[in-house]
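Peer 1: Got a structure for you, questions after.
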Amino acid sequence: MHCIQLPQVVDFKEALDFSLVFCSTPSAQDYVFDLSLVKQMRPFGMLLTAALIRSFIASKQQETESPVRFHVANFDQSKPAHGYAAHVGFFRSWGAPYGSTPKTEGGNSSYKPIRELSVTNIISISRELKAHPGEIVEAASKEFACFLGVGSNPDIVDTLTYAIREIIRNVFEHSKAESVWLAGQYWPTYQRIEIAILDQGVGITKTLKNNPKIVIIDDENALNLAIRPGVSGKLIGDKQRRHDKDDPWANSGYGLYVTSRLCQNGGKYIIASGGKALILEGQNASFAKCQYNGTAIMMQLNLANVNNLQQCLKDIVKEGRQIARGNDFKGNLTASMITTNLSEWIKPRP
């Protein structure tokens, strides 16, 4: 029997560290996930931790013909962190028999429970309604954005809808994932929102390697490139596709850039894929080690530090288009050609 200890604070930092635990986990017939230390849960930490456990369980079940058993130790509903995690669907999302099942709706003014959006279901609904899948994603994104006690503020709702939609769109276009997972929380005392979105697809490095104009050296390079405007797994310079006004998926390659820029002022943006996580906070950019085959994103917005979000969004999109013009050139695009220092273009908005 091998015991896997969940961290005390299941936030972005601890979840990234937790991803490395599975790299050195020995083979066993029984695995125990120990919750005895867990005291805090955050949206991104919960989504990433659950995805890591799901992947670990699936891989172990495929490795051997002998049955592999998984157990949970020291779950205590009376502990606030355990009770909250159970209520929002954390345990059920990776197969533990506690709490609620991830929902497609629900929550209150301070949180949105974990939910799974099936790519197949969205496509099926779009066919039934004779609508583009983008319209279904738009509706789901807006419903998710109308929580957290900010539903009465159309400026915030529209901006969050855009941000959520763009990240979900990346899953549809590039990840080859079956589902996208979401969770969110709002802390009114701090006027801070955290939204986490995750898929278990092929990851950013493999996605960008589909573009013959991009040279990818490693996962760090891939993340560096991924948040640049106009860069995607699709061929750079596909102007007809990118500027088709009738295409709800137009402007491919801007989503990660725009959403990361929105989170700069007093917020935080994390994108983890492969062996690296890129952490953007103000003018600071850093990388952390992790091990996650899909793509996990955290957006934190401090609303007190962001004025006129819609105008901010328009400015960022305009800025991104100007930068993207430099990507349309003959020859291969590398991270070093675009930027040698992220802080050269990561600047706080006025």
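The values are calculated or read from the model by the stated rules, or taken from the named source; none is laboratory data. Because the structure is a prediction, the values reported are computed rather than measured. All Cβ positions, even for glycine, are placed from backbone atoms using ideal geometry, and neighbour counts span all protein chains on display.
Peer 1: Which of (1) under 17 Å from the mean Cα position of the chain (by Cα); (2) outside the structural domain of Arg261 (by TED's automatic domain parsing); (3) of a type in the set (Lys, Arg) does Lys79 not meet, given it meets every other one?
Peer 2: (1)
Peer 1: Considering only the stretch 298-318, I want to know if a residue exists there that is assigned to a helix (DSSP H, G or I), buried (at least 17 other Cβ atoms within 10 Å of the Cβ), at pLDDT 80 or above and charged (D, E, K, R).
Peer 2: No, the conditions are met nowhere in the stretch 298-318.
Peer 1: If a residue must be under 14 Å from the mean Cα position of the chain (by Cα) and on the phi > 0 side of the Ramachandran plot, how many such residues does the stretch 154-205 contain?
Peer 2: 1
Residue-by-condition table, conditions (1) in contact with a helix residue (DSSP H, G or I) (Cβ under 8 Å, 6 or more places away or on another chain); (2) at pLDDT 85 or above:
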{"position": "Ile136", "(1), (2)": "yes, yes"}
{"position": "Ala163", "(1), (2)": "yes, yes"}
{"position": "Phe172", "(1), (2)": "yes, no"}
{"position": "Trp181", "(1), (2)": "yes, yes"}
{"position": "Trp187", "(1), (2)": "no, yes"}
{"position": "Glu194", "(1), (2)": "yes, yes"}
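Peer 1: Within the stretch 114-128, track down each residue that is in a helix (DSSP H, G or I) and touching a residue at least 12 places away in the same chain (Cβ under 8 Å).
Peer 2: Within the stretch 114-128, the first condition is being in a helix (DSSP H, G or I), and the residues that meet it are 119-128.
Within the stretch 114-128, Val119, Thr120, Ile122 meet the criteria.
Peer 1: Restrict the check to the stretch 62-73 and report whether at least one residue is of a type in the set (A, V, I, L, M), at pLDDT 95 or above, in a loop (DSSP other than H, G, I, E, B) and not assigned by TED's automatic domain parsing to the domain that holds Ile114.
Peer 2: Within the stretch 62-73, the subset of a type in the set (A, V, I, L, M) is 68, 72-73.
Those still in the list that are at pLDDT 95 or above too: 72-73.
In the following step, the residues that additionally are in a loop (DSSP other than H, G, I, E, B) were identified as none.
Within the stretch 62-73, none of the residues are of a type in the set (A, V, I, L, M), at pLDDT 95 or above, in a loop (DSSP other than H, G, I, E, B) and not assigned by TED's automatic domain parsing to the domain that holds Ile114.
Peer 1: Of all residues in the stretch 27-50 being assigned to a loop (DSSP other than H, G, I, E, B) and in contact with an Asp or Glu (Cβ under 9 Å, 6 or more places away or on another chain), which is farthest from Gln185 (Cα to Cα)?
Peer 2: First pass over the stretch 27-50, keeping only residues assigned to a loop (DSSP other than H, G, I, E, B): 27-29, 35-39, 42.
Restricting the remaining residues to those that are in contact with an Asp or Glu (Cβ under 9 Å, 6 or more places away or on another chain) gives 27, 35-36, 42.
Numbers: Ser27: 36, Leu35: 22, Ser36: 24, Arg42: 8 Å.
This residue is Ser27.
Peer 1: Still on this model: Restricting the search to the stretch 6-28, which residues are among the polar types (S, T, N, Q) and surrounded by 20 or more Cβ atoms within 10 Å (Cβ to Cβ)? If you could, list the steps in order and put the result at the bottom.
Peer 2: Looking only at the stretch 6-28, we keep the residues that are among the polar types (S, T, N, Q), and these are 8, 19, 24-25, 27.
If the condition is that a residue be among the polar types (S, T, N, Q) and surrounded by 20 or more Cβ atoms within 10 Å (Cβ to Cβ), then Ser19 is the only one that fits.
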